[in-house]
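Comments concern the structure below.
Throughout, read-outs are computed from the coordinates displayed, never taken from laboratory work. For clarity, every value in this text was computed on a predicted model and none was experimentally measured. FYI the Cβ positions are ideal-geometry reconstructions off the backbone, even for glycines, and counts take in every protein chain you see.
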Amino acid sequence: MIVTENLTKIYSTDGGIKVKALDGVSLEIRDGEFIAIVGASGSGKTTLMNIMGCLDIPTEGKYTLDGADISLLGSGELSRIRSRKISFVFQGFNLIPSLTAAENVELPLIYRKTEASSRKRIVTEALEAVGLEKRANHLPSELSGGQQQRVAIARAFAADAPLILADEPCGNLDSRSGTDVMEMLHGLNRIGKTVVLITHDEKAALTADRQIRISDGKVVV
Amino acid sequence: MTGSKAISAFRSIKRGKSRSLLTLCSVAVGVFAVVVISGIGSVGTREINSTMLTMGINSAMVEAAGTGSGINLTDDDVTAFGELKGVNKAMPLMGAMSKAKILGKFLNCYAWGVDQDAKDIISIEAVHGRLIDDKDVENHAPVCVIDEVLAEESYGRSNIVGKKINILLGGSYREFLVVGIAKSGITGLQSVMSGIIPDFVYLPYSTMQDIVGKTSFDKIALLLEKDAADEGLAKTLTAEVNSLKDSSDGLVINNFQSQKGQLTDILSIITTVLSLIAGISLVVSGITVMTAMLVSVGERTREIGIKKSIGAGNADIMIEFLLESVLLTAFGSLIGIAAGLGACLGGCLVLGVEFVLPLESVIAAFGFSVLMGALFGVYPALKAARLRPIEALR
Ligand SMILES: Nc1ncnc2c1ncn2[C@@H]1O[C@H](COP(=O)(O)OP(=O)(O)OP(=O)(O)O)[C@@H](O)[C@H]1O
Ligand SMILES: [Mg+2]
């Protein structure tokens with residue numbers, strides 16, 4: 001369960017200019033929901049997602065994830081929360097180029113200290129779920145964009161975190177692959193994951209349970 | 001857990017191929033130098049020990065403590081010293097640094113003036129021909145016995161009995177007939193370190209006295225009844241020879257054992273100093289490792305961000321990078337050790353001496369370079385671990 005109260009994020013650039021990327025965002029996301037966050041470019045969507053994903057901390061305001069106040073935690077605890085509770089799917093896939101598809105999927109399990117014996121099984125299952133079991137030993141550079149994004153989804157699947165944050169997961173894909181990816185995110189939602197999808201695509205946004213609209217760092221509607 | 005980290009560190013090394021290769025090389029070269037130098041040291045020490053062991057354990061030399069002591073050693077002294085208790089035999093000795101001109105080649109050597117007792121007292125042995133005998137001494141004959149090495153370096157074979165060679169004595173070269181070839185004491189080592197341990201030529205002492213214009217001797221060699229390393233015997237003998245010559249401490253007694261000690265001391269000082277200098281190159285390669293790792297951290301910022309976003313903690317990233325630099329140095333030093341030992345082994349084969357593994361130095365060089373890798377790897381690893389995930393991801 002995600003609760004934000006009055007979240008404000010101010011970036012200070014090297015030139016001393018301050019950018020208010022988030023301006024008093026308060027929202028609530030219940031477990032198991034499929035949420036779409038929509039808004040114009042530069043409106044603060046990614047900033048919000050970074051805070052929800054414990055990659056960044058707000059300048060002001062409060063963010064509680066499953067009852068824990070994130071702003072009170074150190075970097076060690078944040079990384080532990082990321083490891084156990086959150087999976088990201090990025091627009092740019094963010095796979096490690098030197099690792100094969102299977103190894104990329106396995107990585108979060110290693111950081112989580114899952115036993116080697118069960119890792120193999122989980123990785124196979126995850127790759128099967130996205131239909132890439134035949135590509136297990138390919139490097140990201142040997143896969144198409146759509147396939148790479150499917151590996152990223154398999155990685156989220158394997159990590160088995162309750163919260164999935166997807167920032168424009170279809171932004172770099174053709175419409176066919178985009179539909180596949182959306183379908184897989186819904187699949188994850190159906191098995192109980194909370195999915196927060198950032199998107200420009202109104203049609204994709206409409207498949208969500210609920211839309212949150214952001215403009216100039218504020219939630220509208 | 002650590003296993004998979006090691007694999008991923010190894011991958012990263014493989015990926016940054018040319019940079020990793022250069023870093024490996026810098027570590028390898030440093031370790032190579034240390035291994036080769038200490039290899040020369042241990043082979044040299046062993047050679048000195050083994051030859052000196054066969055060379056006159058019971059022999060000692062009486063000589064003036066310093067130049068200009070004004071003490072002249074004469075025939076009477078030889079007789080008197082020979083009658084001292086504990087002394088079996090005494091022999092006059094002349095000695096001078098010299099050069100031999102053999103077949104147009106100038107070779108450094110040390111010329112000994114000896115008599116027929118040289119065989120017993122300084123234990124030389126003829127491999128061809130004969131040694132200096134009493135008639136040579138009596139006749140002041142222009143004959144010589146030379147080390148096998150000298151023959152081989154000039155003629156390319158050991159038996160050159162009957163050839164005439166020139167030896168630099170008293171300021172000019174004089175012709176000598178080679179009557180015998182002596183088994184070279186320190187064999188291979190002599191050819192490497194001819195500056196420190198020269199090759200020897202042996203002449204009748206009387207001939208040598210004529211040439212340098214002396215009637216006295218430079219030293220008197222003694223053959224003792226027991227081990228010359230015996231401190232008590234050396235002390236009483238020193239007192240006795242000094243009282244015979246009416247001097248308080250103008251004469252000293254040196255034995256070959258103490259000379260062996262001096263030689264090995266010199267050698268060990270040289271190799272230690274050189275090894276330390278080579279050790280500095282290991283520090284330099286540590287810095288190279290650090291540079292390479294810093295560049296690698298810079299290049300992999302995004303990768304670090306991705307890893308952090310999927311749950312890697314600071315410690316995970318830290319260990320990954322540290323492992324990489326340690327693996328890099330460990331691998332580099334293994335290459336260096338292999339190459340260094342190979343070079344030592346090859347050198348020993350060429351020189352025909354027995355190879356001695358400088359095990360301690362090999363372990364020390366390996367440990368030290370891996371330590372350098374770990375130490376200099378800490379900063380880049382910390383830098384990587386401390387990257388903030390959003391900044392790393394951008
Ligand atoms: N690290 C940063 N330093 C300074 N300003 C930043 C930084 N990151 C984002 N911003 C600014 O904050 C505002 C919100 O950025 P954000 O990336 O959250 O927008 P977005 O809604 O994700 O846009 P897009 O749809 O284009 O991805 C923008 O004006 C952006 O320029
Ligand atoms: Mg964005």
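Here are some notes:
- Mean residue ellipticity, 222 nm, helices only, chain A: the sum of -39500 (n - 2.57) across DSSP H runs of n ≥ 4, divided by residue count and rounded to 500, is -11000 deg cm²/dmol.
- Residue by residue, region B:79-93 carries 3J(HN,Hα) couplings of 4, 4, 5, x, 8, 5, 5, x, 10, 8, 8, 10, 9, x, 9 Hz when phi is fed to the Karplus relation 6.51 cos²θ - 1.76 cosθ + 1.60 (θ = phi - 60°); x denotes Gly or Pro.
- Charge dipole (the protein assembly as shown, unit charges on Cβ, about Cα centre) - positive-most of B:ALA151, B:GLY162, B:SER268: B:SER268
- On the beta carbon distance between B:THR74 and B:LEU276, with R0 = 60 Å, the FRET formula returns roughly 0.80.
- Anchor A:LYS134: lysines whose Cα lies under 24 Å away (excluding residues fewer than 8 positions away in-chain): A:LYS120
- Remark: mean inter-chain Cβ contacts per residue of B:310-320 equal 6, using a 10 Å Cβ-Cβ cutoff to other protein chain atoms.
- Taking chain B and dividing mean pair separation by its residue count, relative contact order in percent (alpha carbons under 8 Å, at least six apart): 29 percent
- Crossing angle, helix A:145-159 versus chain A [Cα axis fit, 0-90 degrees, rounded to tens]: 80 degrees
- When you count the other C-beta atoms within 10 angstrom of each residue and take the mean per peptide, A:158-171, A:185-198, A:115-128 line up highest first as A:158-171, A:185-198, A:115-128.
- Working note: Karplus 6.51/-1.76/1.60 with θ = phi - 60° gives region B:99-113 the couplings 9, 10, 10, 10, 6, x, 9, 9, 10, 5, 7, 10, 9, 9, x Hz, where Gly and Pro are set to x.
- For chain A, the share of DSSP beta bridges that are antiparallel, to the nearest 5, is 50%.
- In chain B, the DSSP-assigned H stretches of four residues or longer account for a calculated mean residue ellipticity at 222 nm of -19500 deg cm²/dmol, using -39500 (n - 2.57) per stretch and the full residue count as denominator.
- Other protein chain Cβ atoms within 10 Å, averaged over every residue that makes up A:88-94: 3
- Principal-axis tilt of helix A:116-129 within chain A, Cα atoms, nearest 10 degrees: 80 degrees
- Filtered trypsin sites (Lys or Arg not before Pro), region A:1-104: DSSP coil and at most 15 other beta carbons within 10 Å: A:ARG30
- For A:GLU202, net neighbour charge (Lys/Arg +1, Asp/Glu -1) across residues whose Cβ lies under 15 Å away: +2
- Our coupling estimate for region A:25-38, obtained by passing each phi through the Karplus curve with A = 6.51, B = -1.76, C = 1.60 and θ = phi - 60°, is 8, 10, 7, 9, 10, 8, 4, x, 7, 10, 10, 10, 9, 10 Hz, Gly and Pro reported as x.
- Charge tally in the Cβ shell below 13 Å around B:PHE331, where Lys, Arg are +1 and Asp, Glu are -1, B:PHE331 excluded: 0
- Note on B:TYR173/B:SER18: beta-carbon distance plugged into 1/(1 + (r/R0)^6) with R0 of 56 Å gives a FRET efficiency of 0.45.
- Straight-distance candidates among the lysines for linking to B:LYS245, with alpha-carbon spacing under 21 Å and chain neighbours fewer than 8 residues away dropped: B:LYS85, B:LYS89, B:LYS214, B:LYS219, B:LYS235.
- Reachable lysines, given that their alpha-carbon falls under 18 Å from the alpha-carbon of A:LYS20 and they are not under 8 places away in the same chain: A:LYS9, A:LYS45, A:LYS62, A:LYS218
- Share, in percent, of DSSP beta bridges within the protein assembly as shown that are antiparallel, nearest 5: 65 percent
- Protection proxy ranking of B:59-65, B:162-168, B:318-324 - average other beta-carbon atoms within 10 Å, highest first: B:318-324, B:59-65, B:162-168
- When the Gaussian network model of chain A links Cα atoms closer than 10 Å, the mean-square fluctuations of A:GLU28, A:GLU103, A:GLU133 top out at A:GLU28.
- Taking the C-alpha atoms only, the angle from helix B:314-351 to the longest principal axis of chain B is near 30 degrees.
- Each Cα pair under 8 Å and six or more residues apart adds its sequence gap; the mean of these over the residue count of region B:58-226 is a relative contact order of 37 percent.
- 10 Å Cβ neighbours from other chains, averaged over peptide B:378-389: 1
- Within chain A: Cβ-based charge dipole about Cα centre, in debye rounded to nearest 20 (Lys, Arg +1; Asp, Glu -1): 280 debye
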